[in-house]
Structure formats: C-alpha cells, structure tokens
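As structure tokens, the structure follows; a few thoughts come after it.
The values are calculated or read from the model by the stated rules, or taken from the named source; none is laboratory data. Worth saying up front: this structure is predicted, and the values here are computed from it rather than measured. All Cβ positions, even for glycine, are placed from backbone atoms using ideal geometry, and neighbour counts span all protein chains on display.
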Amino acid sequence: MKVFYGWRIVVAGGALQFLQSLLLNQSFGVYLAVLVEDRGWSKTAVAGAAALKSTEVAILGPVLGWAVDRFGSQGIARVGIVTFGIGFMLLSQIDTLAGFYAAFVVVALGASMFSNSIVGVAIIHWFEKRRARALSALQFGSAVGGLFVFLVAASIQAYGWRATAFGSGVIAILIGWPVARVIRSRPEDHGETVDGVPPAPRDDTRHAKAPLQRSLSAREALRTSAFWLMGFGHAFALLAVTAVNVHAVAHIKEGLGYSLSMATLVFTLVTVGQFGGVMLGWVIGDRFQKRLVAAACMLMHSAGLLMLTYATGPVILVVSALVHGIAWGLRGPFMQAMRADYFGRSSIGMIIGLSSLIMVIGQIGGPILAAVFADWTGNYRMGFTILAVLAGLGSLFFLMAKPPRPTT
C-alpha cells in the first residue's frame, strides 16, 4: 500500500523540529543558567538573546512567509539548517556579551528558516481534512526533543558549554541537511492531491447552490478581526511558554533550591506533558472547535505557571510541568490549523509571517519581563505571577476569534 507522501513530510518536519527543540528551544534555559554562573552576566542580559531571536523572527516573518509562498519550503529549510549549525559553532568561540549576541543572531536566523512555521506551511498545502492531526504530529518532534534535553545538560557538565555548542552545530548540519530534502511544498507540483484523495467529479449544479469559500489574500486577512484576535491570543500564550523555556531551570535551581540536574529533570517533564498534549491533539484536533480548545489551554498555561512559581515540593513541580506541557502540546499545532481553516491556503505563508509581528510581543515580553523582575526582586515570583495572569486573560481572545464570514 502506497503511503501518502504528505506523511513523509510530517515525519521529516518532525525530525527538524526535534533538532531545533533539543539543541536550542528547550536547551536555552540550561545555557542561561550556566552562562550566568560562568561569565557573570545578568539574567536580563542573557535572556536578551531570546528577545533578540524573537525580534529577528518577527522582522523576517513576512519576508520568509512571502518566500515560502513563492519558492516553497525545502530550499529555505536547507539554507536554515546550515546557518543554524554555523551559528552554534560561532557560539562556541565567544568571550564577550556582544559576541554572544552576534552568534545568537546567526543561530536565530537559521532556526527561523526551518521553524515549525516554515515546515507547517508545506503540511497545510498537503492536508485539509486531517490538517490539525498532521500539524499535531509535526509537534511530536519538538516534544521528543525536549525529552532528551538532559543530554545537552549532561554534555555541558561533562565537556563544557563550548564543546557542546560546537558539537550541536556539527550534528545539526549532518542530520538536518538530508532530512530537509524530503520537504515538498505543494502536492500539485508533484502529481499528488491534497490528502492523497483523487479529486471528486465536479457537480456544476451543486457548486452553483453552495459556493466554496475561497482563500483570502494577506491583505484581506488583515481586515478581519479573527486575524488580530488569534495573533494576540497566540502572543499571550507565548508569554508563558517562552518565560518557562528560558527561566524555569534557573527558577527551580536558584529560587527553589534544587540542583541543576534536578531542575533539568523537572523541566523535562514539561516536554512529557507536551508529548501528551500533542497526542491528545492528534485524537481531537479535527473534532472540536479549535478556538474553544485553545481558550481552555490558556487557562492551563496560567495554572501551570502559578504552580511552578509557588511550588512547595516536588509533587507540585511535577504537576505544574505536566499541566503547562499538555497545554502547550495541545494548543501549539492549533494555531496554524486555525489560520489555515479561516483564511485558506493560497497566502498562508505570508499570513503566518505577518502574525509573527504580533506574536513577538509574547516571545520578547515573557523572558524579558521575568528576567527584569528576577534581577530587581531577587526571584521570579512577581514576574511569573504577572505572566500567569496575562496568559489566563488571553483565553478571551480565542473565545472571540470566530471564523470570518464565508466569501464567494
């Protein structure tokens, strides 16, 4: 039995997300804790690199969105892999904060070019009926990558952060380059059809009575309230997600008094929860209203972050990590699926790219706000509490984000 090629793209995309999650997204908190201790830099200064990454992604978002709509995902992803690897090699050689920022710009540029958004656009073009399921499956890579973040921590402890960074760059290129070749942009360009299903015979009479909703251009999408509500809802979710990714290890180690190994282990449970959330999304993704599921996940983000902030023992830490992780794994794939459902496929890369200009509020605001309050008060409690409240309020954006009216 022939396997629909779209699923091969999902597997390859998941492998790329595994690399990015393992080597960067969920390992950054480990690097932060080590660099603060090794180099004597402030938390705000190191967390600023995460803000710089988010700013770069936001600025490049519309450009990359246009490029992926125009040229496809494969070439962009392959260039991104090489850039990502070189950035880590440069990171291994830095001695100053300015050098750290410069190297991280290169890492961030590469990461943005084979990110979930870039690969997700290809998947959106290959799937329609099972789009949410396919996008959830893509996130398995991110979840599994987080499960192995302890390997990065162990490598840093055994060989130092410089050797670990250089090795990460080499691994990224050697594995990522051939995997990216599997990515293809549109099924029509390769003799395939959406969902692998032969097109149904056209019924002109039925078509006249029930016209199909057409895809919206980026300009038309910008004129809908749904575009802005989803953008701000996504941004408020990222306030919690990015703050946890960057600062959870430091908070557990310094604020709650656990070892780096224990802090890393607890943080790994976030990924266990994420994996569970992705599996739940695989099951329910195309059965329920995505905006209502996303709103519920926002409340879970809020509860998980509050439990992490005020944890009185290991049990609360475990529960907080799992709750936050489930919310992340379930909600994350729905963001692109909702946009594709609402606005169609033709300009989806550009629409996602423009959305990044709103999402950057959460990507920058989460790590920086948490770091500023930590440097000011000596702990993360106030900053994390504020972010948890904002994440809870963000559920309202998704509740109000109803689909645009059908157009002809």
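Observations on the model:
- Total residues in the stretch 238-285, condition within 15 Å of Gly325 (Cα to Cα) and small (Gly, Ala, Ser): 7
- Boolean, Thr55 is under 19 Å from Ile352 (Cα atoms), of a type in the set (Ser, Thr, Tyr) and out of contact with any Gly (no Cβ under 7 Å at 6 or more places or on another chain): yes
- Matching residues in the stretch 341-363 - criterion: being buried (at least 24 other Cβ atoms within 10 Å of the Cβ) and aliphatic (A, V, I, L, M): Ile348, Met350, Ile351, Ile352, Met359
- Identification of helices (runs of 4 or more DSSP H) wholly contained in the stretch 179-278 with 1 or more residues that are at pLDDT 80 or above yields 218-222, 225-250.
- Selection from the stretch 91-107 of residues that are in contact (Cβ under 8 Å) with a residue 60 or more places away in the chain and not hydroxyl-bearing (Ser, Thr, Tyr): Leu91, Gln93, Phe100, Val107
- Of the helices (runs of 4 or more DSSP H) lying entirely inside the stretch 1-77, the ones with 1 or more residues being in contact (Cβ under 8 Å) with a residue 12 or more places away in the chain and within 30 Å of Gly196 (Cβ to Cβ) are found at 5-20, 43-71.
- Residue check, Met300 part of a helix (DSSP H, G or I) and within 15 Å of Ala235 (Cβ to Cβ): no
- Test for Val194: is it under 19 Å from Ala111 (Cα atoms), of a type outside the set (Gly, Ala, Ser) and in contact (Cβ under 8 Å) with a residue 12 or more places away in the chain: no
- Odd one out for Thr312, checked against (1) at pLDDT below 90; (2) touching a helix residue (DSSP H, G or I) at 6+ places or on another chain (Cβ under 8 Å); (3) polar (S, T, N, Q); (4) surrounded by fewer than 24 Cβ atoms within 10 Å (Cβ to Cβ): (2)
- Any hit, the stretch 86-98, residues being aliphatic (A, V, I, L, M), surrounded by 24 or more Cβ atoms within 10 Å (Cβ to Cβ) and closer than 20 Å to Ser142 by Cβ: no
- Of all the listed residues (Ala134, Ala143, Ala153, Ala172), the sole one being of a type in the set (A, V, I, L, M), crowded, with 24+ Cβ neighbours inside 10 Å and under 24 Å from Met350 (Cβ atoms) is Ala134.
- Some residue of the stretch 279-293 being within 27 Å of His247 (Cα to Cα), surrounded by 24 or more Cβ atoms within 10 Å (Cβ to Cβ) and in contact (Cβ under 8 Å) with a residue 12 or more places away in the chain: yes
- On the stretch given as the stretch 125-152, residues that are out of contact with any Gly (no Cβ under 7 Å at 6 or more places or on another chain), under 18 Å from Ile284 (Cβ atoms) and not in a helix (DSSP H, G or I) total 3.
- Restricting attention to the stretch 64-108, the residues that are of a type in the set (Asp, Glu) and within 30 Å of Gly40 (Cα to Cα) total 1.
- All of Val107, Val57, Val119 fail the test of being touching a Ser or Thr at 6+ places or on another chain (Cβ under 9 Å), farther than 25 Å from Ala371 by Cα and buried (at least 20 other Cβ atoms within 10 Å of the Cβ), apart from Val119.
- If you go through the stretch 15-43 and keep only what is touching an Asp or Glu at 6+ places or on another chain (Cβ under 8 Å) and surrounded by fewer than 19 Cβ atoms within 10 Å (Cβ to Cβ), you end up with just Ser42.
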